[in-house]
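Values in this text are rule-based calculations from the coordinates and carry no lab data. Model, not experiment: these values are computed from the prediction. All Cβ positions, glycine included, derive from the backbone under ideal geometry; neighbour counts span all protein chains shown.
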């Protein structure tokens, strides 16, 4: 299915804001800096893959093979949307780090 340019740009913005917000809150509450940047690849795999979580432990070779196949079959628009989410997660870590360096204490 083809995606128009406005839909792609809005989707990228929404994923950026979503991952930035979740990352900012997690980093603030857990008092860490890069929590969402580390967790975001797992969230992306959860979005991409349709295999139940238990199968990663019961049949790991088949599960990871399926994940590899699904990731390699993603369209450019999907990769752009997911990468903008990752950029949002990294940006939240950078903002938390800058705020803490300037003396702001969060929780």
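Some values worked out for this structure:
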item: Principal-axis tilt of helix 5-30 within the chain, Cα atoms, nearest 10 degrees; result: 60
item: Rounded to 10°, Cα long-axis angle of helix 76-101 versus longest principal axis of the chain; result: 20
item: Pair-distance profile P(r), taking every C-alpha pair of region 1-101, with 10 angstrom steps and integer %; result: 16, 37, 31, 15, 1
item: Degrees between helix 60-72 axis and first principal axis of the chain (Cα, 0 to 90, nearest 10); result: 80
item: Cα→Cβ-extended label distance, 7 Å offset, between residue 56 and residue 5, nm; result: 3.8
item: Paramagnetic reach from residue 28 (point 7 Å along Cα→Cβ, amide N under 13 Å) across region 58-97; result: 92-93, 95-97
